[in-house]
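Asker: My structure is below; once you've seen it, I'll send some questions.
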Amino acid sequence: MSFTVAIDGPAAAGKGTISRAVAQHFGFAHLDTGLLYRAVGRRMLHGEDPVEAAGRLQAADLEGDDLRGPDVARAASKVAVIPEVRAALVDFQRAFATRAGGAVLDGRDIGTVICPDARVKLFVTASAEVRAERRLAELKGRGLDTDFETVLADVRERDARDSERAEAPMVAAADAVVLDTSDLSIEAAVARAIATVEEAR
C-alpha cells in the first residue's frame, strides 16, 4: 500500500534535507522533484528545447554535481513556468508517488498539484535572509565565489517567479502543516516532520 508524503517550500528552506531524513526514517523512497526541472534546465543550457527535453527525461539525467550550480538553478526556475514542461513531468512524479512501500516527494507543487491526496503535506519555509545565508554557505562550500547580497537577490527573484507563475504556483496546500525552520536546528526540524508523519500513520 502506498503512503505519500508531500513536502513543498521555497529554495534553501531545508525541505530537501528534511525529505531525505523522513524517507530514511520510515524506509520510504525519495524524489527531489526539483532535480527534474534542473535536469531539463541543464539540457536547455546545452541548446535543447525544454519541452522536448522534458519529454525525453531519464532517471540518469538526475545525476551530476552540476545540477546544483546557480546557472542550472536559474534555468530550472525558468523552464518550470512552461506549462508543457510541467505536464510532461507530472506522470513521472505521480507514478513515483504511488509506489508500494511509501514515497516522499519534495518540490514546489507536490501537495497542491502532483499529490493533492497525499497522506501528509508539509510546507517548509524560512525567511529569505536565513535562506540566503544557508545558500551562500553551500555555494562557498563548493568553491563558488559570490556574496550575500547577490544570493539574497537570487533567492527573492526565484521566490517571485515560483509563487507568481500562472501554472502550479508555489503555495502551501490548505491542509498542509507549515514548518518554519528560520529559528530551528535541522535536527529539530526533522524531528517535527517525523512526528507529523507518525501522527498520520
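Asker: Can residue 136 be described as open to solvent by 10 Å² or more (accessible area, probe 1.4 Å) and farther than 20 Å from residue 59 by Cα?
Answerer: yes
Asker: Please go through (1) closer than 19 Å to residue 189 by Cβ; (2) not in a strand (DSSP E or B) for residue 124 and return the number of the only condition it doesn't satisfy.
Answerer: If we test residue 124 against (1) closer than 19 Å to residue 189 by Cβ; (2) not in a strand (DSSP E or B), just (2) comes out false.
Asker: Quick one: which residue in 173, 153, 166 is over 17 Å from residue 16 (Cα atoms), part of a loop (DSSP other than H, G, I, E, B) and open to solvent by 20 Å² or more (accessible area, probe 1.4 Å)?
Answerer: 166
Asker: With the condition kept exactly as written, say whether any residue in segment 177-197 is of a type outside the set (Ser, Thr, Tyr), assigned to a loop (DSSP other than H, G, I, E, B) and in contact with a helix residue (DSSP H, G or I) (Cβ under 7 Å, 6 or more places away or on another chain).
Answerer: Among the residues of segment 177-197, not one is of a type outside the set (Ser, Thr, Tyr), assigned to a loop (DSSP other than H, G, I, E, B) and in contact with a helix residue (DSSP H, G or I) (Cβ under 7 Å, 6 or more places away or on another chain), which makes the answer no.
Asker: Criterion first (under 14 Å from the mean Cα position of the chain (by Cα) and of a type in the set (Asp, Glu)) does residue 109 satisfy it?
Answerer: It is true that residue 109 is under 14 Å from the mean Cα position of the chain (by Cα) and of a type in the set (Asp, Glu).
Asker: While we're on this one: Report, ordered by the first and then the second residue, all pairs with beta carbons closer than 7 Å, sequence separation of six or more or different chains, a first member in segment 125-139 that is under 18 Å from residue 179 (Cβ atoms), and a second member that is in a helix (DSSP H, G or I) and basic (Lys, Arg).
Answerer: Every condition considered, the pairs that remain are 128/156.
Asker: Checking residue 84 against (1) in contact with a Pro (Cβ under 9 Å, 6 or more places away or on another chain); (2) more than 18 Å from residue 168 (Cα to Cα): exactly one of these is not met. Which one?
Answerer: The failed condition is (2).
The values are calculated or read from the model by the stated rules, or taken from the named source; none is laboratory data. Computed from a prediction, not measured in an experiment: that's the story for all the values here. Here Cβ is always computed from backbone atoms with ideal geometry, including for glycine, and neighbour counts include all displayed protein chains. For accessibility, only protein heavy atoms count, side chains too; no ligands or nucleic acids. Shrake-Rupley method; radii C 1.70, N 1.55, O 1.52, S 1.80 Å.
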